[in-house]
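The values are calculated or read from the model by the stated rules, or taken from the named source; none is laboratory data. Treat the numbers as computed from the prediction; the structure is a model and nothing was measured. Every residue, glycine as well, gets a Cβ built from its backbone with ideal geometry; the counts of neighbours run over all protein chains shown.
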Amino acid sequence: MATEAREPGAIDEATAKKAANRFDLRRIIGGVFLIYGVILTVVGIVGSDEVKNKAAGVNVNLWTGLAMLAFGAMMIAWALMRPVEPDAPR
């Protein structure tokens, strides 16, 4: 069995990629938009008619929630399709 000696505190490439992608801002922002989008969509669907039609007959909560869901999904898709590649160690 050949074992490579590594420097103390050195991390391998796979661990570096996981750490870089875990804290990718696109995932965090996308997740927040998805959560708030679900909340607003539910409020837009189950809210009272008075609140739904308050803004000139437009259900603002519903449409804003749907837009936030779409934006959050795009952010998550972008982060998954183009993951972060950490810089090579110097």
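Within segment 71-90, the set of residues being among the hydrophobic types (A, V, I, L, M, F, W, C), in a helix (DSSP H, G or I) and either surrounded by 13 or more Cβ atoms within 10 Å (Cβ to Cβ) or in contact with a Leu (Cβ under 6 Å, 6 or more places away or on another chain) (or both) comprises Phe71, Ala73, Met74, Met75, Ile76, Trp78, Ala79, Leu80.
Restricting Asn53, Asn61 to those that are buried (at least 16 other Cβ atoms within 10 Å of the Cβ) and among the polar types (S, T, N, Q) reduces the list to Asn61.
Scanning segment 58-72 for residues that are at pLDDT 95 or above and polar (S, T, N, Q) yields a count of 1. Filtered by the rule that a residue be loosely packed, with under 13 Cβ neighbours inside 10 Å and under 28 Å from the mean Cα position of the chain (by Cα), segment 40-50 gives Ile45, Val46. Remark: Glu7 falls outside the filter, which requires a residue to be acidic (Asp, Glu), at pLDDT 70 or above and exposed (fewer than 15 other Cβ atoms within 10 Å of the Cβ). Out of the residues in segment 16-34 that are modelled with pLDDT of 75 or more and either part of a loop (DSSP other than H, G, I, E, B) or more than 30 Å from Ala67 (Cα to Cα) (or both), which is nearest to the chain's Cα centre (by Cα)? Restricting to residues being modelled with pLDDT of 75 or more and either part of a loop (DSSP other than H, G, I, E, B) or more than 30 Å from Ala67 (Cα to Cα) (or both), the top hit is Asp24.
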